[in-house]
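Written out below as structure tokens is the structure these notes cover.
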Amino acid sequence: MNTQQSRDHWQNVYKTKGPEQVSWTQEIPQTSLRFMEELHIGPDASVIDVGGGDSKLADHLLKLGFENITVLDISEAAIQRAQQRLGKDADKVRWIVSDVCDFEPEGSYDVWHDRAAFHFLTEAAQLEKYRHIAREAVRGYMIMGTFSEDGPTKCSGLDIRQYNADTLRAALTADFEKIRCITEDHETPFGTTQNFLFCSFRKIPAA
């Protein structure tokens, strides 16, 4: 699937389905917030939510006082939905409509957060682009959430890659060292469960 096909797919998803109709919806992204807390970063930290769409992570980070939040998503419709929900607070977030593999960061980030975007990258060229962008853009930490080996093999009609702690670490560049990983069940809005792997990584300073 090329970039335009991917964009069209996700635009259609967010234009035709509400939050209660998609599996990834979380009212409170507790695991992501817990991993953020463990990093002991301040509210001035630069955070990017990759594939954030209309996730409520930005909402909760704003409530915690974070002042430098970026949300990136390939779907303009998803971002518009989040902006409408946040109202005036949407002006406190930087919004970027882009495929992550085409993303050209203008700065660097203390925290790169990705829940359920990375596992859609099934081609070697996509993974290499992602690794290169992350290597250049991250100056602090990564928080990654993907389907585990006990999770689904498809999502939204698309193939995904399952990961365990070792394969996720291997999929990233040698510039990152693992801090910790957990697996957990996510309950979808329609009552099914999906097993996720969450890992945090630290950027290794250049020698």
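Values in this text are rule-based calculations from the coordinates and carry no lab data. Bear in mind that the values here come from a model prediction, so they are computed numbers and not experimental data. Cβ sites come from the backbone with ideal geometry, for glycine too, and all protein chains shown count toward neighbours.
Mind checking which of Phe66, Phe103, Phe190 has the largest fluctuation in a GNM of the chain, springs on alpha carbons under 10 Å?
Phe190
Take the alpha-carbon centre of segment 44-106, take the same for segment 179-207, and report the distance between them in whole Å.
19
So how do Ser200, Ser108 line up by other beta-carbon neighbours within 10 Å, fewest first?
The most exposed by this proxy come first: Ser108, Ser200.
I'd like the FRET efficiency for Ala124 and Glu184, computed as 1/(1 + (r/R0)^6) with the beta carbon distance as r and R0 of 25 Å, rounded to 0.05.
Step by step, r from the Cβ atoms, then E = 0.30.
What does the C-alpha gyration tensor say about the overall shape of the chain? Classify as rounded when a/c is under 1.5, otherwise prolate if a/b is larger than b/c, or oblate.
Here the chain falls in the rounded category.
Can you tally the lysine pairs in segment 21-131 where the Cα-Cα distance is under 22 Å and the two residues are eight or more apart, or on different chains?
The result is 4.
What nm value, rounded to one decimal, do you get for the distance between Arg94 and Thr193 when each label is placed 7 Å out toward the C-beta?
For Arg94 paired with Thr193, the spin-label model returns 4.0 nm.
Which of the cysteines in the chain are isolated, no other cysteine C-beta under 4.7 Å?
Cys101, Cys155
Tell me the mean residue ellipticity at 222 nm calculated for the chain from its helices only (DSSP H runs of n ≥ 4, each -39500 (n - 2.57), averaged over every residue, nearest 500).
Result for the chain, helices only: -9000 deg cm²/dmol.
Stretch Asn164-Glu106 to full length: gain in nm at 0.36 nm per residue minus the Cα-Cα span?
Using 0.36 nm per residue and subtracting the Cα-Cα distance, I get 17.7 nm.
Using modelled backbone amide H atoms (1.01 Å from N, in-plane), which distant-in-sequence or interchain residues come within less than 5 Å of Arg115's amide H?
Sorted by chain and number, the residues that satisfy this are Val50, Gly145.
Note the full-extension length gain between Lys63 and Gln11 as 0.36 nm times their separation in residues minus their Cα-Cα distance, in nm to one decimal.
Full-extension gain reported as 15.9 nm.
Quick check on the exposure proxy: order Trp112, Trp95 from fewest to most C-beta atoms within 10 angstrom.
Listed from fewest to most nearby Cβ atoms, that is Trp95, Trp112.
What aspartates and glutamates could a cross-link reach from Lys154, if we take a straight Cα to Cα line under 20 Å and drop same-chain neighbours fewer than 8 places away?
Asp8, Glu20, Asp73, Asp99, Asp114, Glu123, Glu184, Asp185, Glu187
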